[in-house]
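The values are calculated or read from the model by the stated rules, or taken from the named source; none is laboratory data. No experiment lies behind these values; they were computed from the predicted model shown. Cβ placement follows ideal geometry from the backbone for every residue including glycine, while neighbour counts extend to all protein chains displayed.
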Amino acid sequence: MPAAPPLRVTQATPAAPPATAAPTNGQRLISFDFKDADVVNLLRILAAESNKNIVIGDDVKGKMSIALRNVPWDLALDIILETRGLRKIEKDGVMRIVSSEQLIKEREASARVEEARLKAESDVRTKAAEAQLKEQEAIDKKRAAEAAYAELQARGPLREETIRLSYADPEEIARTLQGILGIPPEGIKAQTVPVGFPPIAEPPFSALYGLQPQQVPQPLASPPSEVLAKGITIRAHKPTNSIFIRHYEADLERIKKLIRERLDVRLPQVKIEARMEILDRDDLFAIGVQWGGGGVLQSNQNTVMVGRGFTTDPTNLTTTGGIGTV
(Lines give C-alpha, C1' and ligand atoms only; values in the text may rest on other atoms or scores of the structure.)
Protein backbone atom coordinates (compact mmCIF):
# COMPACT_ATOMS: atom_id res chain seq x y z
CA MET A 1 0.00 0.00 0.00
CA PRO A 2 1.49 3.38 -0.95
CA ALA A 3 2.40 5.61 1.91
CA ALA A 4 -0.25 8.15 2.79
CA PRO A 5 0.57 11.82 2.86
CA PRO A 6 1.61 13.18 6.21
CA LEU A 7 -1.34 13.26 8.58
CA ARG A 8 -2.07 16.16 10.84
CA VAL A 9 -4.36 15.79 13.79
CA THR A 10 -4.94 18.92 15.79
CA GLN A 11 -7.01 19.61 18.84
CA ALA A 12 -9.31 22.61 19.04
CA THR A 13 -7.62 25.63 20.59
CA PRO A 14 -9.26 27.52 23.43
CA ALA A 15 -9.22 30.69 21.33
CA ALA A 16 -11.81 29.31 18.89
CA PRO A 17 -15.05 31.29 19.11
CA PRO A 18 -17.65 29.35 21.15
CA ALA A 19 -20.39 30.31 18.71
CA THR A 20 -18.79 28.32 15.85
CA ALA A 21 -18.01 25.17 17.88
CA ALA A 22 -20.40 22.26 17.47
CA PRO A 23 -22.12 20.82 20.56
CA THR A 24 -19.68 18.39 22.14
CA ASN A 25 -21.72 16.80 24.94
CA GLY A 26 -18.47 16.44 26.83
CA GLN A 27 -16.55 14.92 23.85
CA ARG A 28 -13.21 16.09 22.57
CA LEU A 29 -13.25 18.10 19.36
CA ILE A 30 -10.98 17.07 16.55
CA SER A 31 -9.83 18.60 13.29
CA PHE A 32 -8.99 16.80 10.04
CA ASP A 33 -7.11 18.03 7.01
CA PHE A 34 -6.25 15.19 4.60
CA LYS A 35 -5.85 14.87 0.87
CA ASP A 36 -6.30 11.52 -0.87
CA ALA A 37 -6.18 9.77 2.46
CA ASP A 38 -7.06 6.07 2.71
CA VAL A 39 -10.48 5.57 4.25
CA VAL A 40 -9.25 2.72 6.44
CA ASN A 41 -6.56 4.95 7.96
CA LEU A 42 -9.10 7.65 8.63
CA LEU A 43 -11.34 5.20 10.44
CA ARG A 44 -8.40 3.93 12.50
CA ILE A 45 -7.58 7.49 13.53
CA LEU A 46 -11.19 7.98 14.65
CA ALA A 47 -11.07 4.72 16.62
CA ALA A 48 -7.93 5.90 18.41
CA GLU A 49 -9.40 9.29 19.17
CA SER A 50 -12.72 7.89 20.46
CA ASN A 51 -11.33 4.89 22.34
CA LYS A 52 -13.98 2.76 20.59
CA ASN A 53 -13.70 -0.79 19.32
CA ILE A 54 -14.08 -0.49 15.56
CA VAL A 55 -13.91 -3.42 13.12
CA ILE A 56 -13.41 -2.45 9.48
CA GLY A 57 -14.59 -4.85 6.80
CA ASP A 58 -12.48 -5.98 3.84
CA ASP A 59 -14.91 -4.33 1.46
CA VAL A 60 -14.09 -0.86 2.86
CA LYS A 61 -11.75 0.70 0.29
CA GLY A 62 -10.95 3.98 -1.39
CA LYS A 63 -9.41 7.37 -0.75
CA MET A 64 -10.89 10.70 0.14
CA SER A 65 -9.92 14.24 0.96
CA ILE A 66 -11.38 15.76 4.09
CA ALA A 67 -10.96 18.92 6.10
CA LEU A 68 -12.84 19.29 9.38
CA ARG A 69 -12.38 21.81 12.16
CA ASN A 70 -13.47 21.37 15.77
CA VAL A 71 -16.09 18.60 15.33
CA PRO A 72 -16.94 15.64 17.58
CA TRP A 73 -15.49 12.35 16.49
CA ASP A 74 -18.91 10.70 15.92
CA LEU A 75 -19.93 13.53 13.57
CA ALA A 76 -16.68 13.09 11.65
CA LEU A 77 -17.35 9.35 11.48
CA ASP A 78 -20.87 9.85 10.13
CA ILE A 79 -19.56 12.26 7.47
CA ILE A 80 -16.92 9.77 6.30
CA LEU A 81 -19.42 6.88 6.23
CA GLU A 82 -22.00 8.89 4.34
CA THR A 83 -19.43 10.15 1.82
CA ARG A 84 -18.08 6.67 1.04
CA GLY A 85 -21.46 4.86 1.19
CA LEU A 86 -20.56 2.92 4.31
CA ARG A 87 -22.70 1.71 7.19
CA LYS A 88 -21.97 1.12 10.86
CA ILE A 89 -23.39 -1.70 12.97
CA GLU A 90 -23.05 -1.50 16.75
CA LYS A 91 -23.40 -4.61 18.86
CA ASP A 92 -22.20 -5.32 22.38
CA GLY A 93 -19.88 -2.27 22.45
CA VAL A 94 -18.23 -3.07 19.11
CA MET A 95 -18.74 -0.93 15.99
CA ARG A 96 -18.49 -2.69 12.66
CA ILE A 97 -17.95 -0.72 9.45
CA VAL A 98 -19.05 -2.29 6.14
CA SER A 99 -20.16 -1.08 2.73
CA SER A 100 -23.84 -0.69 1.90
CA GLU A 101 -23.62 -3.49 -0.68
CA GLN A 102 -22.05 -5.83 1.86
CA LEU A 103 -24.69 -4.95 4.45
CA ILE A 104 -27.48 -5.68 1.93
CA LYS A 105 -25.87 -9.03 1.07
CA GLU A 106 -25.51 -9.92 4.74
CA ARG A 107 -29.11 -9.01 5.44
CA GLU A 108 -30.30 -11.04 2.44
CA ALA A 109 -28.20 -13.97 3.59
CA SER A 110 -29.57 -13.58 7.12
CA ALA A 111 -33.11 -13.43 5.73
CA ARG A 112 -32.49 -16.61 3.73
CA VAL A 113 -31.11 -18.34 6.80
CA GLU A 114 -34.09 -17.20 8.85
CA GLU A 115 -36.46 -18.29 6.09
CA ALA A 116 -34.77 -21.68 5.92
CA ARG A 117 -35.00 -22.00 9.69
CA LEU A 118 -38.69 -21.10 9.70
CA LYS A 119 -39.32 -23.49 6.80
CA ALA A 120 -37.48 -26.28 8.61
CA GLU A 121 -39.50 -25.63 11.77
CA SER A 122 -42.70 -25.53 9.70
CA ASP A 123 -41.76 -28.83 8.03
CA VAL A 124 -41.07 -30.38 11.41
CA ARG A 125 -44.42 -29.16 12.75
CA THR A 126 -46.20 -30.34 9.60
CA LYS A 127 -44.65 -33.80 9.81
CA ALA A 128 -45.45 -33.98 13.51
CA ALA A 129 -49.06 -32.97 12.79
CA GLU A 130 -49.30 -35.55 9.99
CA ALA A 131 -47.86 -38.22 12.24
CA GLN A 132 -50.29 -37.26 14.98
CA LEU A 133 -53.16 -37.31 12.48
CA LYS A 134 -52.15 -40.77 11.28
CA GLU A 135 -51.89 -41.96 14.84
CA GLN A 136 -55.36 -40.56 15.55
CA GLU A 137 -56.75 -42.20 12.42
CA ALA A 138 -55.22 -45.49 13.50
CA ILE A 139 -56.75 -45.10 16.96
CA ASP A 140 -60.13 -44.24 15.43
CA LYS A 141 -59.97 -47.29 13.15
CA LYS A 142 -59.05 -49.47 16.08
CA ARG A 143 -61.92 -48.11 18.16
CA ALA A 144 -64.32 -48.53 15.24
CA ALA A 145 -63.17 -52.12 14.76
CA GLU A 146 -63.57 -52.80 18.48
CA ALA A 147 -67.04 -51.23 18.46
CA ALA A 148 -68.06 -53.29 15.42
CA TYR A 149 -66.69 -56.43 17.05
CA ALA A 150 -68.53 -55.70 20.31
CA GLU A 151 -71.73 -55.00 18.38
CA LEU A 152 -71.47 -58.29 16.49
CA GLN A 153 -70.83 -60.09 19.75
CA ALA A 154 -73.91 -58.49 21.30
CA ARG A 155 -76.10 -59.23 18.25
CA GLY A 156 -75.12 -62.89 18.14
CA PRO A 157 -74.95 -65.23 15.14
CA LEU A 158 -77.31 -65.19 12.15
CA ARG A 159 -80.56 -67.11 12.67
CA GLU A 160 -83.61 -68.03 10.58
CA GLU A 161 -87.18 -68.37 11.81
CA THR A 162 -90.69 -68.58 10.37
CA ILE A 163 -93.44 -66.84 12.34
CA ARG A 164 -97.10 -67.68 11.77
CA LEU A 165 -99.38 -64.69 12.15
CA SER A 166 -102.80 -64.82 13.77
CA TYR A 167 -104.43 -61.55 12.75
CA ALA A 168 -102.18 -59.35 10.59
CA ASP A 169 -101.49 -59.63 6.88
CA PRO A 170 -97.96 -61.07 6.29
CA GLU A 171 -97.19 -58.79 3.35
CA GLU A 172 -98.10 -55.71 5.38
CA ILE A 173 -95.97 -56.93 8.28
CA ALA A 174 -93.01 -57.61 5.94
CA ARG A 175 -93.17 -54.13 4.44
CA THR A 176 -93.48 -52.55 7.89
CA LEU A 177 -90.45 -54.41 9.26
CA GLN A 178 -88.38 -53.61 6.17
CA GLY A 179 -89.15 -49.94 6.63
CA ILE A 180 -88.37 -49.98 10.36
CA LEU A 181 -85.10 -51.91 10.00
CA GLY A 182 -83.99 -50.24 6.78
CA ILE A 183 -83.83 -53.52 4.85
CA PRO A 184 -84.53 -53.33 1.11
CA PRO A 185 -86.88 -55.93 -0.37
CA GLU A 186 -83.94 -57.82 -1.89
CA GLY A 187 -82.18 -58.00 1.51
CA ILE A 188 -78.69 -56.94 2.60
CA LYS A 189 -75.42 -58.77 3.02
CA ALA A 190 -74.70 -59.89 6.56
CA GLN A 191 -71.54 -58.78 8.36
CA THR A 192 -69.00 -61.34 9.48
CA VAL A 193 -67.09 -61.26 12.72
CA PRO A 194 -63.50 -60.12 11.99
CA VAL A 195 -60.77 -62.59 12.88
CA GLY A 196 -58.72 -60.24 15.03
CA PHE A 197 -57.75 -56.63 14.44
CA PRO A 198 -54.88 -55.31 12.31
CA PRO A 199 -51.76 -54.59 14.40
CA ILE A 200 -51.77 -50.97 15.49
CA ALA A 201 -48.87 -49.52 17.47
CA GLU A 202 -49.43 -47.10 20.28
CA PRO A 203 -48.34 -43.49 19.55
CA PRO A 204 -45.81 -41.95 19.27
CA PHE A 205 -43.42 -44.89 18.74
CA SER A 206 -44.99 -46.36 15.63
CA ALA A 207 -43.26 -43.77 13.42
CA LEU A 208 -39.88 -44.81 14.84
CA TYR A 209 -40.10 -48.50 15.63
CA GLY A 210 -42.87 -49.67 13.32
CA LEU A 211 -46.06 -51.50 14.18
CA GLN A 212 -46.36 -53.58 17.33
CA PRO A 213 -48.37 -56.81 17.49
CA GLN A 214 -51.72 -56.65 19.18
CA GLN A 215 -53.61 -59.29 21.11
CA VAL A 216 -56.02 -61.08 18.78
CA PRO A 217 -59.47 -61.69 20.34
CA GLN A 218 -61.23 -64.97 19.77
CA PRO A 219 -63.90 -64.63 17.05
CA LEU A 220 -67.47 -65.77 17.49
CA ALA A 221 -68.79 -68.74 15.62
CA SER A 222 -69.91 -67.47 12.23
CA PRO A 223 -73.00 -68.85 10.47
CA PRO A 224 -72.53 -71.14 7.49
CA SER A 225 -71.40 -69.58 4.24
CA GLU A 226 -74.67 -70.38 2.48
CA VAL A 227 -76.58 -68.47 5.16
CA LEU A 228 -74.22 -65.50 4.89
CA ALA A 229 -74.52 -65.54 1.12
CA LYS A 230 -78.27 -65.08 1.42
CA GLY A 231 -77.88 -62.16 3.82
CA ILE A 232 -80.43 -60.49 6.10
CA THR A 233 -83.94 -60.72 4.68
CA ILE A 234 -87.66 -60.61 5.53
CA ARG A 235 -90.20 -62.42 3.33
CA ALA A 236 -93.96 -62.90 3.55
CA HIS A 237 -95.79 -66.15 2.68
CA LYS A 238 -99.42 -65.37 1.98
CA PRO A 239 -100.86 -68.95 1.67
CA THR A 240 -99.79 -69.92 5.20
CA ASN A 241 -100.15 -66.41 6.63
CA SER A 242 -96.52 -66.60 7.76
CA ILE A 243 -93.45 -64.40 7.65
CA PHE A 244 -89.85 -65.63 7.21
CA ILE A 245 -87.03 -63.67 8.92
CA ARG A 246 -83.26 -64.13 8.67
CA HIS A 247 -81.46 -61.83 11.11
CA TYR A 248 -79.01 -61.75 14.02
CA GLU A 249 -80.08 -63.65 17.10
CA ALA A 250 -80.52 -60.67 19.47
CA ASP A 251 -82.24 -58.59 16.79
CA LEU A 252 -84.48 -61.53 15.87
CA GLU A 253 -85.75 -61.74 19.44
CA ARG A 254 -86.62 -58.04 19.43
CA ILE A 255 -88.37 -58.41 16.07
CA LYS A 256 -90.44 -61.31 17.35
CA LYS A 257 -91.42 -59.31 20.42
CA LEU A 258 -92.42 -56.38 18.22
CA ILE A 259 -94.60 -58.63 16.04
CA ARG A 260 -96.19 -60.37 18.97
CA GLU A 261 -96.96 -57.28 21.07
CA ARG A 262 -97.50 -54.51 18.52
CA LEU A 263 -98.14 -55.75 15.00
CA ASP A 264 -99.93 -59.12 15.09
CA VAL A 265 -102.78 -58.10 17.41
CA ARG A 266 -106.58 -58.19 17.17
CA LEU A 267 -107.89 -54.88 15.96
CA PRO A 268 -110.95 -53.26 17.61
CA GLN A 269 -114.18 -54.10 15.67
CA VAL A 270 -117.74 -52.71 15.53
CA LYS A 271 -120.64 -55.23 15.25
CA ILE A 272 -123.62 -54.10 13.14
CA GLU A 273 -126.79 -56.30 13.11
CA ALA A 274 -130.03 -55.94 11.07
CA ARG A 275 -133.37 -57.57 12.14
CA MET A 276 -136.55 -57.93 10.07
CA GLU A 277 -140.00 -58.46 11.63
CA ILE A 278 -143.13 -59.63 9.64
CA LEU A 279 -146.55 -58.67 11.14
CA ASP A 280 -150.06 -59.66 9.98
CA ARG A 281 -153.48 -58.30 11.03
CA ASP A 282 -153.97 -60.76 13.88
CA ASP A 283 -150.67 -59.75 15.39
CA LEU A 284 -151.83 -56.17 15.55
CA PHE A 285 -154.37 -57.07 18.27
CA ALA A 286 -151.58 -58.32 20.50
CA ILE A 287 -149.83 -54.96 20.32
CA GLY A 288 -150.67 -52.29 22.86
CA VAL A 289 -152.87 -52.26 26.01
CA GLN A 290 -156.55 -53.46 26.24
CA TRP A 291 -158.68 -51.27 28.47
CA GLY A 292 -162.13 -52.27 29.94
CA GLY A 293 -164.51 -51.98 32.88
CA GLY A 294 -167.45 -53.87 34.44
CA GLY A 295 -169.92 -54.29 37.29
CA VAL A 296 -171.85 -56.99 39.21
CA LEU A 297 -175.69 -57.28 39.33
CA GLN A 298 -177.89 -59.63 41.36
CA SER A 299 -180.83 -61.03 39.38
CA ASN A 300 -182.95 -64.03 40.44
CA GLN A 301 -180.34 -65.26 42.80
CA ASN A 302 -177.83 -65.06 40.00
CA THR A 303 -174.76 -62.85 39.88
CA VAL A 304 -174.44 -61.09 36.59
CA MET A 305 -171.19 -59.30 35.53
CA VAL A 306 -171.78 -56.48 33.11
CA GLY A 307 -168.77 -54.75 31.48
CA ARG A 308 -166.99 -53.63 28.37
CA GLY A 309 -163.57 -54.56 27.09
CA PHE A 310 -163.54 -58.09 28.53
CA THR A 311 -165.58 -61.25 28.43
CA THR A 312 -165.90 -64.36 30.46
CA ASP A 313 -165.08 -66.44 27.38
CA PRO A 314 -161.31 -66.83 27.31
CA THR A 315 -161.37 -67.55 23.59
CA ASN A 316 -163.01 -64.23 22.78
CA LEU A 317 -160.19 -61.73 22.09
CA THR A 318 -162.40 -58.91 20.89
CA THR A 319 -162.73 -55.68 22.79
CA THR A 320 -166.55 -55.51 22.57
CA GLY A 321 -168.74 -55.62 25.64
CA GLY A 322 -170.16 -58.87 27.04
CA ILE A 323 -172.48 -60.34 29.69
CA GLY A 324 -171.60 -63.32 31.76
CA THR A 325 -173.35 -65.34 34.47
CA VAL A 326 -171.52 -66.74 37.45
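Taking interchain pairs and intrachain pairs at least six residues apart, which have beta carbon atoms under 8 angstrom, with the first residue in region 146-158 and closer than 17 Å to residue 232 by Cα and the second basic (Lys, Arg)?
158/246
Would you point out which residue out of 36, 59, 78 is surrounded by fewer than 17 Cβ atoms within 10 Å (Cβ to Cβ), within 22 Å of residue 102 (Cβ to Cβ) and either at pLDDT 85 or above or of a type in the set (S, T, N, Q) (or both)?
78
Out of the residues in region 167-211 that are in a loop (DSSP other than H, G, I, E, B), among the charged types (D, E, K, R) and modelled with pLDDT of 50 or more, state the one that is surrounded by the fewest Cβ atoms within 10 Å (Cβ to Cβ).
Looking at residues that are in a loop (DSSP other than H, G, I, E, B), among the charged types (D, E, K, R) and modelled with pLDDT of 50 or more, I get 186.
Just a yes or no: is a residue in region 125-134 more than 30 Å from residue 261 (Cα to Cα), surrounded by 13 or more Cβ atoms within 10 Å (Cβ to Cβ), of a type in the set (Gly, Ala, Ser) and at pLDDT 90 or above?
The answer is yes; a qualifying residue exists.
Quick one: count up the residues across region 48-73 that are closer than 14 Å to residue 94 by Cα and either touching a residue at least 24 places away in the same chain (Cβ under 8 Å) or among the acidic types (Asp, Glu) (or both).
Summing the residues that are closer than 14 Å to residue 94 by Cα and either touching a residue at least 24 places away in the same chain (Cβ under 8 Å) or among the acidic types (Asp, Glu) (or both) in region 48-73 gives 7.
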